[in-house]
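Asker: Could you have a look at this structure, given as C-alpha cells, before my questions?
The values are calculated or read from the model by the stated rules, or taken from the named source; none is laboratory data. This structure is a prediction, so every number in the text was calculated from the model and none was measured. Virtual Cβ from ideal backbone geometry, glycine too; neighbours counted across all protein chains shown.
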Amino acid sequence: MTGKVVWVVDGDTIHVRIGQRVEKVRYIGVNAPEVPHDVRDWQKGGPRASAVNRALVARHAVRLELDVSHRDRWGRLLAYAWVMRAKKRVMANAEMVRRGYAQVMTIPPNVKHQALFLKLQREAREAGRGLWSGA
C-alpha cells in the first residue's frame, strides 16, 4: 500500500495519508528514543532521531510493506516504510538504524528484515554514528 507522510511523530512513528484516511504507522523492527508525548518522558537523542526521520520521510510518498502482524496493541499500523531518496528506494526503518538513530527491537512474528537491522546496528555502533557517537 502507498501513501504520503503527513506528520512525523518521532524517530519511529509517522502518520500516512492512504486514500481518504490517515494511519498512524509504527516502523517494524526498530526503536528510537522518545520525545515528549502526553504520557512519556524525553529520552536523550529523541529530538535528533525525530529530526533525522523528518528529513528522511516528511511530505514524501511511501510504500508500506506489512509483515505477519499488521497492528500493535494501540492500533497503529506496523510497517516497513520505503521512500524514494536520490533516485533509489530506501527503507526508512533500516536507514534510521544505519544512521545510528534507532536500535533494533524485534517483536515476533514480524522478523522479515531482522538480520539486516542487526547488521546495520553493528556497523553504526562500530562507526560511532548517531546515538553511538557518545555526544
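Asker: Do the conditions hold for ARG54, that is, is it closer than 22 Å to PRO33 by Cβ and at pLDDT 95 or above?
Answerer: yes
Asker: Further question on the same structure: If I filter the range 72-84 down to residues being surrounded by 14 or more Cβ atoms within 10 Å (Cβ to Cβ) and not β-branched (Val, Ile, Thr), which single residue comes out as farthest from SER50 (Cα to Cα)?
Answerer: Step by step, filter the range 72-84, then rank; the result is ASP72.
Asker: On to the next question. Being assigned to a loop (DSSP other than H, G, I, E, B) and at pLDDT below 95: is that true of ALA49 here?
Answerer: Judged against the criteria, ALA49 is not a match.
Asker: Confirm whether LEU64 is touching a residue at least 40 places away in the same chain (Cβ under 8 Å), of a type outside the set (S, T, N, Q) and either surrounded by fewer than 19 Cβ atoms within 10 Å (Cβ to Cβ) or farther than 18 Å from PRO33 by Cβ (or both). Walk me through how you get there before you give the answer.
Answerer: Details: touching a residue at least 40 places away in the same chain (Cβ under 8 Å): yes; of a type outside the set (S, T, N, Q): yes; either surrounded by fewer than 19 Cβ atoms within 10 Å (Cβ to Cβ) or farther than 18 Å from PRO33 by Cβ (or both): yes.
Yes, satisfied.
Asker: While we're on this one: Before we move on, is GLY3 small (Gly, Ala, Ser), more than 25 Å from ARG125 (Cα to Cα), modelled with pLDDT of 95 or more and surrounded by 14 or more Cβ atoms within 10 Å (Cβ to Cβ)? Walk me through how you get there before you give the answer.
Answerer: Numbers: small (Gly, Ala, Ser): yes; more than 25 Å from ARG125 (Cα to Cα): yes; modelled with pLDDT of 95 or more: yes; surrounded by 14 or more Cβ atoms within 10 Å (Cβ to Cβ): yes.
Answer is yes for this residue.
Asker: Another question, then. With the checklist (1) at pLDDT 95 or above; (2) surrounded by 12 or more Cβ atoms within 10 Å (Cβ to Cβ); (3) touching a Gly at 6+ places or on another chain (Cβ under 9 Å) in hand, flag the one item GLY19 doesn't pass.
Answerer: Of everything listed in (1) at pLDDT 95 or above; (2) surrounded by 12 or more Cβ atoms within 10 Å (Cβ to Cβ); (3) touching a Gly at 6+ places or on another chain (Cβ under 9 Å), GLY19 misses just condition (2).
Asker: Same structure, new question: Looking at (1) over 24 Å from VAL25 (Cα atoms); (2) of a type in the set (A, V, I, L, M, F, W, C); (3) touching a Gly at 6+ places or on another chain (Cβ under 7 Å), which one does PHE117 not meet, given that it meets all the others?
Answerer: Status for PHE117: all satisfied but (1).
Asker: Can you find, within the range 91-124, the residue that is surrounded by the fewest Cβ atoms within 10 Å (Cβ to Cβ) among those that are over 15 Å from GLY46 (Cα atoms) and of a type in the set (Lys, Arg)?
Answerer: So the first thing to find is which residues in the range 91-124 are over 15 Å from GLY46 (Cα atoms), and the list is 91-95, 98, 104-124.
From what is left, the residues that are of a type in the set (Lys, Arg) are 98, 112, 119, 122.
Working: ARG98: 21, LYS112: 15, LYS119: 14, ARG122: 12.
Going through the qualifying residues, I end up with ARG122.
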